[in-house]
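**Student:** Here it is, the structure in full.
Bear in mind these aren't lab numbers, they're just calculated from the coordinates by the rules spelled out. Note that the structure is a prediction, hence the values are computed from the model and not measured. All Cβ positions, glycine included, derive from the backbone under ideal geometry; neighbour counts span all protein chains shown.
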Amino acid sequence: GSTDTRGASQVRLNIWTHLAGTYNGTTLKLYVNGTLVSSKAATGNILVSNGMLRLGGNLIWGEYFSGTIDEVRIYNGELTQAQIQTDMNTAIPTPPTDTTPPTVSITSPVNGSTASASISINATASDNVGVAGVQFTLDGANLGLEDSTNPYRISWDTTTATNTVHRLTAVARDAARNTTTSSVVSVNVYNPPRLNITQPANNATIAGTTINVSYVMVGDLTGVDGVHLILDNGPELSDSDLDGSYSFFDVPPGAHALNGFLVDHSGAKISGSDAARVNLTTQVSDTTPPSVSITNPGNASTVSGTINVTADATDNVGISGVQFTLDGADLGARDTTAPYAVAWNTNASSNGTHSLVATAYDTSTNQSTSSAVNVTVSNTDPRSQVGEWAPTMDWPVVAVNAALTYTGDVLVWDGYDGPTSQARLWNPVTGTMTLVPAPSDMFCSGESQLPDGNILVTGGHAGGEIGTVNANIFDPAAKAWTPARNMATARWYPSNIPLADGRTIALGGQITSGVFADTPEIYDPKTNTWANMPVNTSTIHDHEYILTNLLPNGRIFSLGASPGVTAMFDPAVPSWTSAPNDPNLMLASSVMYRPGKILVSGGGNKNLSLNAQTSALVLDETQANPAWRHVNSMVYPRYQHNLVMLPDGKVIAVGGSTILDQSSHSGSLAAEIWDPVSETWSTMASMRDPRMYHSTAVLLPDARVLSAGGGRESTGTNYLTAQVYSPPYLFKGARPTITDVPAAADYAAGITVTTPNAADISMVSLVSLSATTHTLDASQHFSDLSFTKNAYDLTVTMPSDGNVAPPGYYMLFVVNNAGVPSQAAMVRLHDTQAPTAPTNLVVVTPNAADLSWTAATDNVGVAKYNIHRSTVSGFTPSAANQIGQSQTTTYNDTNASGTVYYKVTAQDLAGNVSAASNEVTTTVPAGPNPPVTIDFNNFPTPNNNLNGQYPAGVVDWGTNVWYVAGPWRQFTTNSISYNRAGITSGSFNFVSPKRLLSVRAFNGGTVASTLTFSCAGNATKTVSIAVNQLLTIQTGWTANCTTVTFTSTNGWDTNLDDLVYDQVP
């Protein structure tokens, strides 16, 4: 269908009228002479077509505009009324007419040359604007197609031409259709006589005992009197009529070789006229198909459980195999040995009528299909179709947040129970619940898994819709909380995103109601530190969590479901750019069902309707041009429902309200399962309590799904209950078992999974441990692992890197051919393999510290190189002598002086460091020093104390005075401050006397500050710096000195960066 909007204005005769139409995804508008005359609400996408775009006509109805259309403009976005009026009053400039023809000449072959066999014809062409193409001609007729790409050339098989002089030209064309023909190049074609066998083709298989041969004679045929053909080692057979065909009869089956050549009037072979040898096979034609019939089960029978489907098959020559099908789809693999049979687990099929067929194949690829056998599947256990919900459990909390731990317990906590959250730990095996109070209130906090199996919780609020800076870590083994270092910015509704290197990003959230945290922070669990990321995320202001997915390329797909806005976050740059969007993303839930492939469903647009929608869409971010694609809708409308990955690779939708209201009392009770292969939904059993806003769902290690919570919002019902769902796969036969699996595995490694069911395994899946709230599980990853079957185990290949599966604990399942999963085995995925050592370290420029080396390799990837310098040969690289880092294979040390020695190590994302490279040395002559800037961007561990020398050999910062901070406020890179509150004065020492020229300072406190810099032999520099002011301070010093003393009246709230120094001769 289509939508249009029409105005009342009429187009006046004999006068130009300006028309403009716009569409922004929600409204269609029509402007006449710059005035809006009509608008209409509309949804959907503009039709994408490779066909011709026609303006002013309708080919279907034969309607055409009777007038003139000129100056057409098409834009890829909606124009404002002011922009349309500017277009109306601005003429499209007329491009100048191009009347200059191109130039062209043939460069090879040369005029008067002789050609034989296949040759290349080449030409050069040029034009004042551009050459559109070159067409070669042979004797006035086009030779092949026009070549539109420089260099211009074509291949010419001269054996297809007569032995005489031929004329070649090249015709060049430009975009304005100006043409030029080159000078004629005359070429004398001479090819000696030769026989070409055109039929049969080489390596052909011929049915029957007759070989029909076709041939052509090419080249100089003067003196040719006949064709002689030889089959195998038989006699020469003459074809004297030269009609181009000959037949061999009564040829026995098997492999044969066909040869031939030309003869003269005396019957002698003409030298060099041999045809290329043709190898072929003849076989006795078998046109008789086999016969086949199904012997079990009988037609119209009723079946249940697992049965054997069997068939008889016969053939006049031999049966190569029998393939059984169930309802048109292959049932098992083709059986190549009698008796022909396949096992059918009817629990995996729906109750009702099904059709079985057997197809037999003989050795000549003849085939026949049996009569269909129709049977009725009647499995009395309906749970094999819809699953089963266990009895509802009463809980002491509304499970607003839930996280599965590597111990198998589930950590849950509630809201509105401050000043600390009364978190609980639920054991799915015993059903017991243990109180584990948290250090702070964590209502509407972010949560995620850490590489060591601990759980990081960020932000939240303690009432009043005011975010907190708190960060807490839960240790599942100790069942205890530990406060982590606070974030720089308060956040309520932050999204925690685990990264490939083990760090975690806190994204978005509100500082106070309606005031958003637009600067992400990144947490390093190795140093327990946070650092701001210099990127602004203000294009998504979501009053709840931003739904995020770490993609295989390291970028983060971000969906603000409340406003229906998307963005792509690249933490490596960092950058925040646009991402594919669709009107049906608003208020939807999402899940990444395969690496880079995202499913969203439900939600809706409150501006259009308060009813929740059933729509579902998928996005494949592994494609070159990803775009949202609609798939089959759910059966039930859902808003604030949870999408959970199952071990068999399918997705279950749990809960959700039927209206777009967080306080809703109306929810969808039936679960639905989505199959990513058929992209269809199946309705499952219904739960007792609706699970809507503030509900959670978690996949358990036994392959069941926990659903809990809901409520804690206005007039909505508080559901202090939980229920466990057993999917249909748990009622389709015995479960496979895992008897042994490594406790830990490296990326891309092959591990051995021991199982007595190896022959029956069809899938090995790796599923992340849930950490979910408000439909978001940013820790969520699913991998369908490749594997090979052995007699008693499987060799399974782990994910390639941390972007596919960030380091941490995962559930590993094996799934059998009936779709039944095992109990999960917990596997810790991490990278313990260090890169290889860099090699071939050299000093590029003599008497300088300009370094280059050959790249290291790593099982996942090298992240950076550490450069180490010493004044002693044979030194050991350490943090003390590290002077910098590089992400390339070069480094220029601007601070070197005298004789120095260098080594380089490689480091991967997991922090594994290689052995050292070879050592090199250079001598940098002393001389007048240009100004040098000390920044702290290469400091190896920001957000830590700055002790000792940095850079090595330049400045000594003492002990426990200074601190290197990550990006902070107006300092978008690392800077330094005092390392604790209460310090207002500190000093540092130049290792050898230097002159401090300038420094940048930033006051991040709440009051103005007075700063002083002093050093012996120079006047003290005193400046005032206002709140939030970034200031470059020139010292005006004239003498070298050693100890620089810095004072700040507001202490550590003033940060410094970019210290510039030189050395006075």
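**Student:** What's log10 of I(q)/I(0) for the stretch 928-1065 at q = 0.09, 0.11 Å⁻¹, Debye sum over Cα points only, no solvent?
**Tutor:** Log-scaled intensity ratios, in q order: -0.23, -0.35.
**Student:** Based on the mean of other Cβ atoms within 10 Å per residue, sort peptides 151-157, 864-870 so the most packed one is first.
**Tutor:** Taking the mean over residues of other Cβ atoms within 10 Å, the ranking is 864-870, 151-157.
**Student:** When the Debye formula is applied to the Cα atoms of the chain, each taken as the same point scatterer, what base-10 log of I(q)/I(0) results at q = 0.07, 0.08 Å⁻¹?
**Tutor:** Taking Cα atoms of the chain as identical point scatterers yields -0.98, -1.13.
**Student:** Could you run the Karplus curve 6.51 cos²θ - 1.76 cosθ + 1.60 with θ = phi - 60° over the stretch 597-610 and give me ³J(HN,Hα) per residue in whole Hz, x for Gly and Pro?
**Tutor:** Using θ = phi - 60°, the values come out as 10, 10, 10, 10, 8, x, x, x, 10, 5, 6, 9, 6, 8 Hz.
**Student:** Something else now. Apply the Karplus curve 6.51 cos²θ - 1.76 cosθ + 1.60, θ = phi - 60°, to the phi angles in the stretch 167-173 and return the couplings in whole Hz, x for Gly and Pro.
**Tutor:** Ordered by residue, 3J(HN,Hα) equals 10, 10, 9, 10, 10, 9, 10 Hz.
**Student:** Going by average Cβ neighbours within 10 Å, how do the peptides 167-174, 326-333 rank, with the highest at the top?
**Tutor:** 167-174, 326-333
**Student:** Residues with amide H under 5 Å of ASN944's amide H, sequence separation 5 or more or different chain, H placed in the peptide plane at 1.01 Å from N; which?
**Tutor:** Those lying under 5 Å, H to H, from ASN944 are VAL964.
**Student:** Which value, in Å to one decimal place, does the Kirkwood hydrodynamic radius take for the stretch 194-283 when every pair of different Cα atoms is included?
**Tutor:** Computed over the stretch 194-283, the radius equals 13.2 Å.
**Student:** While we're looking at this one, here's another question. When the expected Rg is taken as 2.2 N^0.38 Å, what fraction or multiple of it is the alpha-carbon Rg of the stretch 291-380?
**Tutor:** It is 1.07.
**Student:** Okay, moving on. Which value in Å does the Kirkwood hydrodynamic radius of the stretch 388-731 take, with 1/r averaged over all unlike C-alpha pairs and then inverted?
**Tutor:** 20.1
**Student:** With 12 Å as the cut-off, how large is the P(r) tail for the stretch 592-634, expressed as percent of Cα-Cα pairs?
**Tutor:** Summing the P(r) of the stretch 592-634 above 12 Å gives 62 percent of all pairs.
**Student:** Taking the mean number of other Cβ atoms within 10 Å as a proxy for protection, how do you rank 315-325, 198-208, 723-733 from highest to lowest?
**Tutor:** Ranking, from highest mean packing down: 723-733, 315-325, 198-208.
**Student:** Here's something else I'd like to know. Tabulate in residue order the Karplus-calculated ³J(HN,Hα) for the stretch 432-445, using 6.51 cos²θ - 1.76 cosθ + 1.60 with θ = phi - 60°, rounded to whole Hz; enter x for Gly and Pro.
**Tutor:** Taking θ as phi minus 60°, the curve returns 7, 10, 10, 6, 9, x, 8, x, 8, 6, 10, 5, 6, 8 Hz for the stretch 432-445.
**Student:** Given the Cα-Cα distance of ALA759 and VAL284 and 0.36 nm per residue of separation, how much length would full extension add, in nm?
**Tutor:** 167.0 nm
**Student:** Strictly over 28 Å apart at the Cα level, which of LYS526/LYS864; LYS732/LYS789; LYS903/LYS1021; LYS526/LYS903; LYS650/LYS789 would you flag in this model?
**Tutor:** In this structure, LYS903/LYS1021 lie more than 28 Å apart at Cα.
**Student:** Next question. According to the Cα gyration tensor, what semi-axes, each the square root of 5 times an eigenvalue, does the equivalent ellipsoid of the stretch 833-926 have, listed from largest to smallest in whole Å?
**Tutor:** Square roots of five times the eigenvalues give 23, 13, 11 Å.
**Student:** Report, by chain and number, residues whose modeled amide H sits under 5 Å from the one on MET692, excluding near sequence neighbours (fewer than 5 apart, same chain).
**Tutor:** Here GLY656, GLY711 satisfy the definition.
**Student:** Assign unit charges at the C-beta atoms only (+1 for Lys and Arg, -1 for Asp and Glu), then state the dipole size of the stretch 733-850 relative to its Cα centre in Debye, rounded to the nearest 20.
**Tutor:** Dipole magnitude for the stretch 733-850 comes out near 260 debye.
**Student:** Which cross-chain or sequence-distant (5 or more) residues have an amide H under 5 Å from the amide H of GLY133, H modelled 1.01 Å from N in plane?
**Tutor:** Under 5 Å from the amide H of GLY133: ARG173.
**Student:** A follow-up question, please. How far apart, in nanometres, would the label points at VAL991 and GLN887 be if each is projected 7 angstrom from Cα along the Cα-to-Cβ direction?
**Tutor:** 2.8
**Student:** Continuing with this model, one more query. With the dipole of the chain worked out from charges on the C-beta (+1 for Lys and Arg, -1 for Asp and Glu) around the Cα centre, which of PHE569, PRO742, GLY130 lies farthest toward the positive end?
**Tutor:** PHE569
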